[in-house]
Amino acid sequence: MILAAILFIAAFSYLAATFDYPEVLDRPAADVLPRLIALGTTGRAVWSLYALIPLLLVPAGVGVAIALRGAAAGAARSAAAFALVSAFCMVLGLARWPGIQWELGRAYATASMTERASLDAIFAGLNSYLGNFIGEFVGELALNLFFLLTGYAMLRAAERPRWLGIGGVAAGLIGLVAMFRNVTPAVAAIADANNYVLPLWLIVLGVALARERARD
């Protein structure tokens with residue numbers, strides 16, 4: 001979890017500085033695809049790394065299931081399952097950029113106006129399905145259910161500080177609201193806050209689990 005938070009911050013910061021991420025994702029293919037290809041090999045490597053970061057949720061979910069099975073076995077197992085679902089969905093959403101969107105960008109550079117119209121439709125469809133729905137909505141839904149269930153299990157564990165459980169529930173609730181940012185602009189401020197809450201809570205939870213391992 002700590003590693004995931006550090007890598008998330010590093011990759012997000014690089015893409016924000018070089019690609020105007022995530023604001024650039026709301027722009028049309030004619031603006032985005034040339035900028036994507038302009039990132040070059042380094043940019044594609046960063047996108048590939050960014051796409052693989054969610055896989056760290058899999059061992060994190062296993063760790064939660066083991067650490068909290070004595071307090072709330074069902075919630076801990078369900079949290080691990082949601083961590084797996086979240087990892088799979090987020091990888092699908094992010095991997096489109098160094099993969100199929102990258103190839104669309106290459107084709108876009110030499111395409112005719114008629115061909116570009118088709119590429120525009122494919123680009124928008126991929127962003128809507130793999131990006132907004134699978135990667136962001138379903139992926140973040142599962143991630144925040146993972147946080148909620150982990151927080152609940154921690155609240156059930158008498159030997160653990162209650163603030164850890166409360167923090168997990170709060171992080172999950174903030175994320176559940178923030179995931180509607182593509183539906184309504186009313187949650188934009190919460191979505192911005194969630195970009196800081198997410199890595200912070202991953203680090204806090206990672207430290208808590210590391211201490212659990214040391215105690216065992």
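The values are calculated or read from the model by the stated rules, or taken from the named source; none is laboratory data. All values derive from a computational prediction rather than experimental measurement. Ideal geometry is used to build each Cβ from the backbone, glycine not excepted, and the neighbour counts take in all protein chains shown. Areas reflect the complete protein model, heavy atoms only, side chains present, ligands, DNA and RNA absent. Shrake-Rupley method; radii C 1.70, N 1.55, O 1.52, S 1.80 Å.
Overview of results
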read-out	value
Mean separation of Cα contacts under 8 Å, 6 or more apart, over the residue count of the range 44-202: relative contact order %	23
Distance from the range 177-211 to the range 7-59 (C-alpha centre basis), Å	19
Ile166 accessible area, 1.4 Å probe, all protein chains in place, Å² to nearest 10	100
Heavy atoms of Thr114: accessible area, 1.4 Å probe, square angstrom to 10	110
Among Trp97, Ile53, Tyr108 - extreme Cα towards positive end, dipole of the range 34-140, charges at beta-carbon	Ile53
Leu205 accessible area, assembled protein chains, probe 1.4 Å, Å²	0
Accessible carbon and sulfur surface of the range 1-120 relative to its total accessible area, %, 1.4 Å	68
Accessible area in the full protein assembly, largest first, 1.4 Å probe, for Glu23, Glu136	Glu23, Glu136
Helix-only CD estimate at 222 nm, as mean residue ellipticity for the chain, using -39500 (n - 2.57) per DSSP H run (n ≥ 4)	-26000 deg cm²/dmol
Order of exposure, largest accessible area first, which applies to Arg69, Arg116 with probe 1.4 Å	Arg69, Arg116
